[in-house]
Amino acid sequence: MTDYRHVKGSYWLQTAPGPSRPVLAEDLRVDVAVIGAGIAGLSTAWELARAGRSVAVLEAGRVAAGVTGHTTAKLTALHTLIYDRLRRTRGAEGARLYARSQTEAVEHIAEVADELGVDCEWERRNAYTYVHDPSRVAEVRAEAEAAREAGLPASFVTETGLPFPVAGAVRVAGQAQFHPRKYLLALADDLAARGALVYEDTTVVGLDEGEPCRLATDSGATVTARDVVVATHYPIFDRAMLFTRLSPRRELVVAGALDTEYDPDGMYITPEQGTRSVRTAPYGEDGRRLLVVTGEHFTPGTGDTPARFERLADWATEHFPGVGLTHAWATQDNDSTDTVPLVGPLHPGTRHAYVATGFGGWGMSGGVMAGRLLTALITGEKCAWSELYDPRRVLSAVREAPAFLKHQAQVARHFVGDRLRTTPEVDAVPPGEGAVVRVRGKHAAVYRDEEGEVHALSARCTHMGCLVAFNAAERAWECPCHGSRFDTDGKVVQGPATSPLERREP
Ligand SMILES: Cc1cc2nc3c(=O)[nH]c(=O)nc-3n(C[C@H](O)[C@H](O)[C@H](O)COP(=O)(O)OP(=O)(O)OC[C@H]3O[C@@H](n4cnc5c(N)ncnc54)[C@H](O)[C@@H]3O)c2cc1C
Ligand code: FES
């Protein structure tokens, strides 16, 4: 068994901490307000500033420290297995537009990094989707063919750089990887140099979609803007009920130093075993590499996270001999019901509110693509793939009904079923653990800290009222319905919730 517990959090955050930025303290008027400073929000803000718009970015936490600060940072148009599905659901042209939009986004990052003179550890690598199971070889063969038809330099291979045999793989040549924070912190600095305003610790709590739009923030200051971009990962102010088309998926990451001779020299992913994703990055002065392994995905609030971390750490050390784990972290992304991100107008009736979400584990290229697409929509330019990603696309019975119904059934099961579950007594919650218990007839989220003190909160998620569950490995309350997360004092650490869990008397 590999002990992952002594290791630290996100490597990207630790190696590029970045400066603090101000809290919004006074009312503001700009052309465009962008809510959220992940890769989608920052890319949008940067493109808009370059197009001459005055822009304010409002970030509840720190810049590029949400999902974007905890990613794997592969830059590729090969998104596991998507092209065979896309050519069936969106036609050959849809698949081609997807491939082109994602490829252009990858190349755009290289151009921008060059323009800004930033060393973001950009490296060209081939991308692979592999399978072990011989019965799945037909799937990767079909994917290779569909990706090639879509215009990517794709081929079916049976040899890879991985230290174990595979039954088959799709390889797409000439993709890339980078250090996401080194790139995005430079983008944020350049935004400031262009006169744009970037605020941290500023949570947006209200949106009035008038002409102009008005945003309320938790500090009391307001922002008036002609256009608003909701780039909060899971959308807040969800008037189109996009939450019915998005399911959150939490995933774990472990990383550690690897001797160069074991570098698999590529970026790999398999849909098997709850996903295994592998890349390496430059590490330290002695030329070693950092191995980054991702996998074990689950719905937030439903996983035995410590056991999953152990499985992932064991897999990494078993397959990459000599790797010493130094980092472990977790994060989540949203899958859309038809596997295509939702980028465009926030709802059918809107004229000035936009959204970027549903990146399905591929929001590095997807976030940059979103920035360019939303800038085209806001500045009135044409974009060949606006229809492909339009969030107002009609729910398709063929392409998304099964995923849609499954997600709704899951939410209903959590909303009702979790309330019927028997709960322990407060006294039965051990130190360092949390559980939902009944206190005076109501569900309370009870955490007992290492000193024995009990912290009690309402267990009703402030988004839509599902019951939260405790994640022991990360000491957080998680909502299984749409993925909101709260710390042990009830503070929101991840939306769509914008209000904290209320305190309760234990
Ligand atoms: C384990 C894992 C590995 C991944 N690896 C890859 C990969 O290799 N390649 C790839 O392409 N993609 C990858 N992804 C996906 C990619 O990381 C995400 O899709 C992308 O980072 C999402 O960016 P974002 O800007 O939408 O969200 P975020 O980075 O989360 O940004 C949203 C921001 O909005 C802020 N916010 C939220 N609510 C408010 C509010 N009310 N007011 C103000 N601000 C608010 C948050 O604090 C946050 O900073 C991976 C995902 C996971 C889970
Ligand atoms: S995140 Fe929607 S109910 Fe909790």
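A few notes on this one:
- Number of the condition not met by SER484 [criteria: (1) touching a Leu at 6+ places or on another chain (Cβ under 8 Å); (2) within 13 Å of ligand 2 (Cβ to nearest atom)]: (1)
- Residue ID - surrounded by the most Cβ atoms within 10 Å (Cβ to Cβ), chosen from residues in region 344-373 that are touching a residue at least 60 places away in the same chain (Cβ under 8 Å) and assigned to a strand (DSSP E or B): ALA356
- Region 314-333, subset assigned to a strand (DSSP E or B) and closer than 11 Å to LEU291 by Cα, residue nearest to the chain's Cα centre (by Cα): HIS327
- Pairing each residue of region 433-461 that is without any contact (Cβ under 8 Å) to a residue 24 or more places away in the chain with any residue that is of a type in the set (Gly, Ala, Ser), provided the two are 6+ apart or on different chains, yields C-beta distances under 7 Å for VAL437/ALA444; GLU450/GLY432.
- In this entry, PRO17 passes the filter for residues that are more than 16 Å from the chain's Cα centre (by Cα), within 18 Å of VAL118 (Cβ to Cβ) and either more than 7 Å from ligand 1 (Cβ to nearest atom) or of a type in the set (Phe, Trp, Tyr) (or both).
- Criterion violated by VAL198 - all others in (1) at pLDDT 95 or above; (2) more than 11 Å from ligand 1 (Cβ to nearest atom); (3) more than 27 Å from ALA307 (Cβ to Cβ); (4) assigned to a loop (DSSP other than H, G, I, E, B) satisfied: (4)
- Among the residues of region 425-466, those that are closer than 30 Å to ALA313 by Cβ and part of a strand (DSSP E or B) comprise GLU433, GLY434, ALA435, VAL436, ALA445, VAL446, TYR447, ARG448, HIS455.
- For the residues ALA37, ALA95, the requirement of being more than 17 Å from ALA376 (Cα to Cα) and either in contact (Cβ under 8 Å) with a residue 60 or more places away in the chain or within 22 Å of the chain's Cα centre (by Cα) (or both) singles out ALA37.
- Flag for GLY94 being part of a helix (DSSP H, G or I) and closer than 21 Å to ASP338 by Cα: yes
- Residue list for region 258-282, filter: of a type in the set (Gly, Ala, Ser) and at pLDDT 95 or above: GLY266, SER277, ALA281
- Any hit, region 84-96, residues being over 26 Å from PRO271 (Cβ atoms) and touching a helix residue (DSSP H, G or I) at 6+ places or on another chain (Cβ under 8 Å): no
- Among the conditions (1) over 30 Å from VAL172 (Cα atoms); (2) among the β-branched types (Val, Ile, Thr); (3) touching a Gly at 6+ places or on another chain (Cβ under 7 Å), VAL67 misses just one, which is (1).
- Residue match in region 87-109 (condition: over 27 Å from ARG181 (Cα atoms), β-branched (Val, Ile, Thr) and crowded, with 19+ Cβ neighbours inside 10 Å): no
- Residue among ALA64, ALA45 that alone is touching a residue at least 24 places away in the same chain (Cβ under 8 Å) and part of a helix (DSSP H, G or I): ALA45
- Residue within region 77-91 that is near ligand 1 (Cβ under 10 Å from one of its atoms), of a type in the set (Lys, Arg), more than 13 Å from ALA154 (Cβ to Cβ) and outside any helix (DSSP H, G or I) present: no
- Single residue of region 152-161 satisfying the filter (more than 26 Å from the chain's Cα centre (by Cα) and touching a residue at least 12 places away in the same chain (Cβ under 8 Å)) that is surrounded by the most Cβ atoms within 10 Å (Cβ to Cβ): THR160
- All of ARG181, ARG250 fail the test of being among the basic types (Lys, Arg), in contact with a Pro (Cβ under 7 Å, 6 or more places away or on another chain) and within 25 Å of TRP329 (Cα to Cα), apart from ARG250.
- Taking (1) closer than 19 Å to SER247 by Cβ; (2) within 16 Å of ligand 1 (Cβ to nearest atom) in turn, THR498 satisfies each apart from (1).
The values are calculated or read from the model by the stated rules, or taken from the named source; none is laboratory data. Owing to the predicted nature of the structure, the values given are computational and were not obtained by experimental measurement. Note that we place each Cβ from the backbone using ideal geometry, even for glycine, and neighbour counts take in every protein chain shown.
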